[in-house]
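Following: one structure in C-alpha cells, then a few remarks.
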Amino acid sequence: MKDFKDRVVVVTGGASGIGKALAKAFLGEGAKVVIADVEQSALDATIAELGAGVSGMVTDVSEPASVESLAAEVFAKHGACHVLCNNAGVAAPNLDLWETEPSDFLWVHGVNVRGIAHGVQSFVPRMIESGEEGFVLNTSSGDGGISPLAQQVVYASSKAAVSTMTECLEAQLVGRGTKLRAAIFYPSGGLLNTGIWTTKRNRPEQLARESQVATEQETTFDQFMEGARKAGYELPVQDLDELAQFALDGIRKEDFVIMIDRESMEAQLNERAAKLARGECPIVLQHLGLS
C-alpha cells in the first residue's frame, strides 16, 4: 500500500500517545481516520484537535462486542477499512510474578492480547471480503517481543504474545492468498511520552488489585525523566510524530517488522538464542536505581 489518500484507517487507543500520532500522520496523507478509544473525554478532545477527516467511537477493545460494534459502524459509514492499527495498550505494576494478582493479567492481557485478537476477528473477515488491499499493524514492544524485562512480567508477556500472534497472522494472510498484510510495530528510538505511564486511570474497578503495593504508585513521564537526570542518566526521547511517520513508511514498504534501528535486534536475539541453547535463562534482573 503506497498511497493513503482516501483510505479508511482505524486506530485503537487513538486518543493519545502513539495512537494519536498515527491518526495525525494518516490524516496528513489524506486518509479518513476513525479513532477508537476507551476514554470519551480524550476522544472528544482529539477529534476536535485533529479536525476534518477524523471521527471516533468509544471502544473497549477487551470486549469483543465493543470491537464488533466498531467494525460494523466503520463499514456501515465508510464501506471499507484499509488499515487497521491495533494500538491500544495498558500496563500493570512492576512486580515479581508471585506478587501479581489474577486481575493484573485479566486486565493487561485483556487489552494488549485479546484486544488485538478481537480487532482481527471483527475487521479482517470484512477486509478480506471487500477484495481490496489492506494492512494490519499490531503494536508490540521490544519488552517482550524481543527482550523482556523481568520486573515487567505482565506487560512483557502480553507483548511477546502480540509478536507471536502477528507472525502467525501474516503467515496466514499470505498463505491464504489474501490481499492483506500484517506487521509488528515496535515503538522505538528512545523513551516515549505516552499514556502508558499513567495507564492505571483506565483500569476497570472490577479488575482493581486487592492489595496495594509501592510500585502501583505511577510515575509520570516527566517525573521519570527528572529522576533519571538526578541519577546521572541522559536518556533519549523519541518524538511521536516522527515515529508515526516511520510507521507509515514501513507500511508502504510492506515491512513485517517496523522498528527504528531494527538491525540492533539481531545481536539481542542471537545472545538470547545462545543462552537458551546452553540451557540458561536469557534474562538478567537489572535496576536503574532511579528515585
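The values are calculated or read from the model by the stated rules, or taken from the named source; none is laboratory data. Keep in mind it's a predicted model, so treat the numbers as computed, not measured. Cβ atoms come from the backbone with ideal geometry, glycine included; neighbour counts cover every protein chain shown.
Structure notes:
Table: residues versus (1) at pLDDT 90 or above; (2) acidic (D, E); (3) not in a loop (DSSP other than H, G, I, E, B).
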residue	(1), (2), (3)
K200	no, no, yes
R209	yes, no, no
T215	no, no, yes
E218	no, yes, no
E226	no, yes, yes
E234	no, yes, no
E242	yes, yes, yes
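- Among residues of the range 162-174 that are touching a residue at least 12 places away in the same chain (Cβ under 8 Å), those with a beta-carbon under 8 Å from a residue that is among the polar types (S, T, N, Q) and part of a helix (DSSP H, G or I) at least six positions away or on a different chain give the pairs V162/N112.
- Hits in the range 247-264 (condition: under 16 Å from I18 (Cα atoms) and crowded, with 17+ Cβ neighbours inside 10 Å): A247, L248, G250, I251, I258, M259
- Looking at the range 1-108, the strands (runs of 3 or more DSSP E) lying wholly inside it that each contain 2 or more residues that are modelled with pLDDT of 95 or more, farther than 30 Å from P148 by Cα and of a type in the set (A, V, I, L, M) sit at 8-12, 32-37, 54-58.
- Entry remark, the range 123-148: residues being in contact (Cβ under 8 Å) with a residue 40 or more places away in the chain, more than 17 Å from the chain's Cα centre (by Cα) and surrounded by fewer than 18 Cβ atoms within 10 Å (Cβ to Cβ) number 6 in total.
- The range 161-193, residues that are touching a Phe, Trp or Tyr at 6+ places or on another chain (Cβ under 8 Å), part of a strand (DSSP E or B) and at pLDDT 95 or above: L180, R181, A182, A183, I184
- The one condition in (1) in contact with a Cys (Cβ under 6 Å, 6 or more places away or on another chain); (2) outside any strand (DSSP E or B) that E132 fails to fulfil: (1)
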